[in-house]
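Asks: Here it is, the structure, as structure tokens.
The values are calculated or read from the model by the stated rules, or taken from the named source; none is laboratory data. Remember, it's a predicted structure, so these values are computed and weren't measured experimentally. Heads up, the Cβs are rebuilt from the backbone with ideal geometry, glycines too, and the neighbour counts pull from every protein chain shown. These accessible areas exclude ligands, DNA and RNA; they are computed on the full protein's heavy atoms, side chains included. Shrake-Rupley method; radii C 1.70, N 1.55, O 1.52, S 1.80 Å.
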2 protein chains.
Amino acid sequence: METKKLKIDVCFSPYLYPVYKDNESIVVVIDILRATSAICTAFEHGAEKIIPVATLDEAKAYKQKGFLVGAERNGEPVEGFDFGNSPFHYMGEHVKGKTIVLTTTNGTRAIETAKDAYKIVIGSFLNISALCDFLISEKRNILFLCSGWKNKFNLEDAVFAGAVTDEISKRSTYYDMGDACLAMKYLAQMTQKNPNKFLNHSSHKERLAALNLKEDVRYCLTPNQTKAIPIYKDGALIKMVNG
Amino acid sequence: METKKLKIDVCFSPYLYPVYKDNESIVVVIDILRATSAICTAFEHGAEKIIPVATLDEAKAYKQKGFLVGAERNGEPVEGFDFGNSPFHYMGEHVKGKTIVLTTTNGTRAIETAKDAYKIVIGSFLNISALCDFLISEKRNILFLCSGWKNKFNLEDAVFAGAVTDEISKRSTYYDMGDACLAMKYLAQMTQKNPNKFLNHSSHKERLAALNLKEDVRYCLTPNQTKAIPIYKDGALIKMVNG
């Protein structure tokens, strides 16, 4: 008897999520440049909780209540908040033990979009190995949700989904890949030797380079800086307790 | 002074079209397996006009009026119509000079989705070189619209968009590629040696193989069987008169 395979697929835009969603899949939200990289960094540096909000108005309301609030729009920090979404803002003693509120152009909206999923976890190159271990251990369908750029496909989110798929498919034969996953797995295999070079022509990388954020890009593409897997529970992200 | 570049991008699903659409772009509708391949074949064999309709009800109404009607759902011909969407159905004397009505699971819906575009043309491997010549000569923004499979990404449509992008970017430096186009260009370069092998694991190819349609797949992946470029005018596709 053949075992029923698990599904693994990737949705390239929050706008497309209704087409891909089901009640069975673990959703991995991806916003490599830079929201999900920043979130993973914050947990590595001891943040207690991150509350993702979709709008600046919600973020302001939290700020007025005294929360630490990060806000980014179009790649830049929004005035009147504590920081933007550079991972470097989320390192150090000031985040330790804290609840942080975060709103970004794409990433926090993707989390909002998927909020009714069976389980939502946060992926980035920074926690890629821990994420693969977790996903394989769960034995569930997997759906990568790329935040994209204003609902358009973006290269770095999609390639990350492919990199995770590549690793998982090397370690487990239980998964049946959707076409999008298959395409991104091939693409990720091409990038492995030099992801930084590969992404050279991507639109968002150019956008960030124009904002003098090359260091951010380099950091966000560096694998395995943390074992933290942020998971969404009751409206907030917390660090999953493993094992 | 730097000339303003033209945009070239790819939209992976009709569902995502509202995110990508503008009033400037030539939209290239793609449904490699098999609607746009069938359409190109029909014009090569002398069809006069193809009226794409989104629903079976519309198709039935045309059938009752005496039109030749092709109808496909889920890869199979629909009973009560003249043919499905196999390109082999659209070869020969019975299509010559005729107006054909066509409804398919994905392709004709994609045409319907883009109907307000500046210009809609039909792409397939069968007319790829003629299509590239035309697109370059137009000096306009280009948007590939993949029909996908039930609004999900599919490999063969996306790879075709990448193949056209690859060819155009070799011949012209006027275009600024969106991330989706860039990714598919890389992917198409990987497939060039053997597209049939590359697509071996694609979901739609498997679907068609299960329906004994391997010959269809082989034909639909064969480049340059026609110079016909179908173009959408006043609710119907006609063969563009070149030059």
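Asks: What helices (runs of 4 or more DSSP H), lying completely within region A:157-243, carry at least 2 residues that are basic (Lys, Arg)?
Replies: A:203-210, A:214-220
Yes/no matrix, rows are residues, columns are (1) at pLDDT 95 or above; (2) more than 10 Å from chain A (Cβ to nearest Cβ); (3) under 26 Å from A:Val159 (Cα atoms):
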{"position": "B:Ala158", "(1), (2), (3)": "yes, no, yes"}
{"position": "B:Val164", "(1), (2), (3)": "yes, yes, yes"}
{"position": "B:Ile168", "(1), (2), (3)": "yes, yes, yes"}
{"position": "B:Ser172", "(1), (2), (3)": "no, yes, no"}
{"position": "B:Ala180", "(1), (2), (3)": "yes, no, yes"}
{"position": "B:Ser202", "(1), (2), (3)": "no, no, yes"}
{"position": "B:Asp216", "(1), (2), (3)": "no, yes, no"}
{"position": "B:Asn224", "(1), (2), (3)": "yes, yes, no"}
{"position": "B:Lys227", "(1), (2), (3)": "yes, yes, no"}
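Asks: Could you say whether any residue in region A:69-85 is more than 28 Å from A:Ala209 (Cβ to Cβ) and either modelled with pLDDT of 95 or more or within 14 Å of chain B (Cβ to nearest Cβ) (or both)?
Replies: Scanning region A:69-85 turns up no residue that is more than 28 Å from A:Ala209 (Cβ to Cβ) and either modelled with pLDDT of 95 or more or within 14 Å of chain B (Cβ to nearest Cβ) (or both).
Asks: Looking only at region A:24-71, which residues are at positive phi and open to solvent by 60 Å² or more (accessible area, probe 1.4 Å)?
Replies: Scanning region A:24-71 gives a single hit, A:Gly66.
Asks: Only one residue in B:Glu44, B:Glu76 is more than 17 Å from the chain's Cα centre (by Cα) and not hydroxyl-bearing (Ser, Thr, Tyr). Which one?
Replies: Result: B:Glu76 is the single residue among B:Glu44, B:Glu76 that is more than 17 Å from the chain's Cα centre (by Cα) and not hydroxyl-bearing (Ser, Thr, Tyr).
Asks: Can you tell which of A:Lys5, A:Lys21 is at pLDDT below 95, open to solvent by 10 Å² or more (accessible area, probe 1.4 Å), over 20 Å from A:Met240 (Cβ atoms) and within 14 Å of another protein chain (Cβ to nearest Cβ)?
Replies: Testing whether each residue is at pLDDT below 95, open to solvent by 10 Å² or more (accessible area, probe 1.4 Å), over 20 Å from A:Met240 (Cβ atoms) and within 14 Å of another protein chain (Cβ to nearest Cβ) leaves just A:Lys5.
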